[in-house]
Amino acid sequence: ELEPLGGRALISFTVTVQESSPWKTFSELIDYAKKNPEKLRVGTPGIETAANFDLQIIQNLTDTKFTHIPITKGPAVSLLGGHIEVVVLPITEVISYAEAKKLRILLVSNKMPEIPDVPTPRELGYKQDLLPTWFGFYGPSGMPEEVKKVLVPAIEQVIKNPEMKAKLEKLHFVVDYKSPAEMKKLVTEEYETVNGMAKKLGLGK
């Protein structure tokens, strides 16, 4: 019942550990996880969250098994306190701790200027990246063409505006404009990925 109009500002998800942990890279973390199945506790905000779906993607890509710990309030705080070893969280929840040298970000779903040396899964040779949270513009299905001819280029102009881009990046968003057609394709691909994960986890019907 909705039709994409374009846009896209996204928040990257990260794999993060304590700064004092022995794992300096994502590869080191995965090597340990393979040798110690289910020993590492990974916190996310909950079962049916984007973070948990990304955790499932990580396990599938790396052939590892972690112990998932759903923490609805403050997974990063639990990591800081040593109650868990890893978190999968949006960058907005860990970046301040990383900048303070309390946490170390090992992996990111999308390249971030704040952490240019942190790789994405594809950069490490994996076939798929993690799923970020992203925002776009939609309107009711069947909108008149004359309306879309006004809205679509206006949205593109706003998203690509350097001043707007700078403001969004200051809030730790990644600006990655997508046309209506590109958004539609992206939604279809992400739905198939998440739906497959949900079925594997026994969620939904």
Quiz prompt | Residue within the range 90-105 that is within 18 Å of A33 (Cα to Cα), open to solvent by less than 70 Å² (accessible area, probe 1.4 Å) and among the aliphatic types (A, V, I, L, M) present | solution = yes
Quiz item: Just checking, how many residues over the range 117-142 are within 16 Å of L171 (Cα to Cα) and either open to solvent by 60 Å² or more (accessible area, probe 1.4 Å) or of a type in the set (A, V, I, L, M) (or both)?
Solution: 1
Quiz item: If a residue has to be of a type in the set (D, E), under 17 Å from F13 (Cα atoms) and surrounded by fewer than 21 Cβ atoms within 10 Å (Cβ to Cβ) to count, how many in the range 47-64 make the cut?
Solution: 1
Exercise. Enumerate the pairs (first residue in the range 140-158 and within 11 Å of G7 (Cβ to Cβ); second residue anywhere and of a type in the set (A, V, I, L, M, F, W, C) and surrounded by 10 or more Cβ atoms within 10 Å (Cβ to Cβ)) with beta-carbon separation below 7 Å, excluding pairs fewer than 6 apart on the same chain, so at least 6 apart or on different chains.
Key: L151/L5; V152/L5; I155/L5; I155/F137; V158/M164
Practice problem: List every residue pair whose Cβ atoms lie under 7 Å apart, where the two residues are 6 or more positions apart in sequence or sit on different chains, the first residue falls within the range 47-75 and is on the phi < 0 side of the Ramachandran plot, and the second residue, located anywhere, is of a type in the set (V, I, T) and open to solvent by 30 Å² or more (accessible area, probe 1.4 Å). | Solution: A50/T133; F53/V194; P70/I47
Quiz item: What tally of residues in the range 112-131 results from selecting those that are within 11 Å of the chain's Cα centre (by Cα), at pLDDT below 95 and not hydrophobic (A, V, I, L, M, F, W, C)?
Solution: 1
Exercise. Return the only residue of T67, T44 being open to solvent by less than 20 Å² (accessible area, probe 1.4 Å) and among the β-branched types (V, I, T).
Key: T44
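The values are calculated or read from the model by the stated rules, or taken from the named source; none is laboratory data. All figures in this text were calculated on a predicted structure; none of them were measured in a lab. When we count neighbours, we look across all protein chains shown, and the Cβ atoms used for this are built from the backbone with ideal geometry, even at glycine. Remember, those area values only see protein heavy atoms, side chains included, never the ligands or the DNA or RNA. Shrake-Rupley method; radii C 1.70, N 1.55, O 1.52, S 1.80 Å.
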